[in-house]
Amino acid sequence: MEQYGMTIGLGILMGTLARAYMLRSDYRQYPGYPHGYVTHMSLGFIAAALGSVALPAIAEKEFAAVTFLALAAQQFREVRNMERESLAALDEAELVPRGKDYIEGIARVFEQRNYLVMVTALATSAVHHFTRWPLLSLLTGFAFLGVSEYLMKGKVIGDIAEVEAGQLHFAGPLLMVNEIEIMNVGLPKMREKILRDGLGVVIHPKNDNARATLSNMGQRQAIANVATAVLGTKKDVDTPEFTPIVRKNIDVGSIALFCVPAEKDIDGLVAAVERVPVLESARRAPLKTKAGRIAAD
Amino acid sequence: MAKDKLLAVVTLNKEAVGGDVPIFFASTEEEQARIAGTLAQVMKAMVHDVGNGVYVIVKH
């Protein structure tokens, strides 16, 4: 048994480090309450332990032990449910909610991170098991961490579209950002306030895939939510006029965001919108089909 | 979206409105804006300008 001490220990160490590293990198996706950190670190530790005992278990011909991996998968699906439920509950108190799609995306990321931890731990312990070089196995662990970080990065709005400042103006009671209609604002007082403090940006999709993605309401809600999270909002429960709204130009497919931020800074808003993650659930690729390519030209 | 609800109408033009929504009459545009603003604030709703001297208050 002692011969596996180092193998399992290194696996657990690298796996837990991986989880800690991934907790650090998700500042926008999760508020990071201390309790949340404890929960995810413990689950990460368990995932690491499961990953690192898999190979020694096989080496000892304890094949039944491997079925624990199935148990782990079940456990981590539970993580997704837990994240989804708690974020959805918190969403009700938000002035500008994240929206179901964004929450689903975040929950999925949290589940998937545990699998990455398991794979990292498995790789680390495997290398140590076969080579008996602790240093090499640690390096493998770091390499896996780097690769998974790179692979899991996901796209942001800035990758699929051009974001530029837009001009807010009124056509009668109708608020517009450039040529895109946003909403009808009745009160003259509110119109003045909006012109004084509001900001607008226009998002031009780079191709048909991006256009379809930006049409998704969940994706648009995510854009409004991130803009508010970064720049704040002047909206309160009795001023629905200041709700950030994302509307599209139905002819071209470009998207306009209107918001009344607490910090009026157009460069900040453009930068925030460019960094909004493209939601996995909103991703569309009509250009991958033949019919889509025919329609595109 | 389906939860949008028309709560009240504030009008300068008595001929233009009718029906079973609460209707408020105003004699000047300032009065109309003031009434609509107060109602919207109380009911946490939004004022829209229909264009013919009629404001509608809608909960979104």
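Taken over the stretch A:222-240, the criterion of being within 14 Å of another protein chain (Cβ to nearest Cβ) and assigned to a loop (DSSP other than H, G, I, E, B) is satisfied by A:Lys235, A:Asp236, A:Val237, A:Asp238, A:Thr239. Among the conditions (1) touching a Ser or Thr at 6+ places or on another chain (Cβ under 9 Å); (2) surrounded by 15 or more Cβ atoms within 10 Å (Cβ to Cβ); (3) of a type outside the set (S, T, N, Q); (4) within 12 Å of chain A (Cβ to nearest Cβ), the only one that B:Met43 does not satisfy is (1).
Pick from the stretch A:277-297 the residues that are under 23 Å from the mean Cα position of the chain (by Cα) and of a type in the set (A, V, I, L, M): which of them is nearest to A:Val163 (Cα to Cα)?
Of everything passing the filter in the stretch A:277-297, A:Val278 is nearest to A:Val163 (Cα to Cα).
Of the residues contained in the stretch A:260-275, one or more are found to be in contact (Cβ under 8 Å) with a residue 40 or more places away in the chain and either within 14 Å of chain B (Cβ to nearest Cβ) or closer than 28 Å to B:Gly51 by Cβ (or both).
The set of residues in the stretch A:187-203 that are within 14 Å of chain B (Cβ to nearest Cβ) and touching a residue at least 12 places away in the same chain (Cβ under 8 Å) comprises A:Leu187, A:Met190, A:Arg191, A:Lys193, A:Ile194. Among all residues of the stretch B:7-28, there is none that is assigned to a strand (DSSP E or B), within 9 Å of another protein chain (Cβ to nearest Cβ), more than 19 Å from A:Ile194 (Cα to Cα) and not hydrophobic (A, V, I, L, M, F, W, C).
Annotation note: of A:Ala89, A:Ala171, the sole residue that is within 14 Å of another protein chain (Cβ to nearest Cβ) and of a type in the set (A, V, I, L, M) is A:Ala171.
Can you pull out the helices (runs of 4 or more DSSP H) entirely within the stretch A:54-143 that have at least 3 residues that are under 30 Å from A:Ala262 (Cβ atoms) and at pLDDT 90 or above?
On the way: elements: A:63-66, A:68-91, A:100-131.
Answer list for the stretch A:54-143: A:68-91, A:100-131.
Being crowded, with 18+ Cβ neighbours inside 10 Å, over 30 Å from A:Val276 (Cβ atoms) and among the β-branched types (Val, Ile, Thr) is the requirement here; does A:Thr131 meet it? Taking the combined requirement at face value, the residue does not satisfy it.
Between A:Gly172, A:Gly166, which is surrounded by 15 or more Cβ atoms within 10 Å (Cβ to Cβ) and either more than 30 Å from A:Ile250 (Cβ to Cβ) or at pLDDT 90 or above (or both)?
Details: A:Gly172 fails: surrounded by 15 or more Cβ atoms within 10 Å (Cβ to Cβ).
Answer to the check: A:Gly166.
Exactly one residue out of A:Asn184, A:Asn249, A:Asn178 is over 21 Å from A:Glu94 (Cα atoms), within 14 Å of another protein chain (Cβ to nearest Cβ), polar (S, T, N, Q) and more than 22 Å from the chain's Cα centre (by Cα): that is A:Asn184.
Restricted to the stretch A:241-275, and to residues there that are assigned to a loop (DSSP other than H, G, I, E, B) and touching a Phe, Trp or Tyr at 6+ places or on another chain (Cβ under 7 Å), the residue that is farthest from A:Asp159 (Cα to Cα) is A:Val260.
The values are calculated or read from the model by the stated rules, or taken from the named source; none is laboratory data. On a predicted model such as this, the values are computed, not experimentally measured, just so you know. Methodologically, a virtual Cβ is constructed for each residue, glycine included, from the backbone with ideal geometry; neighbour enumeration extends over all protein chains shown.
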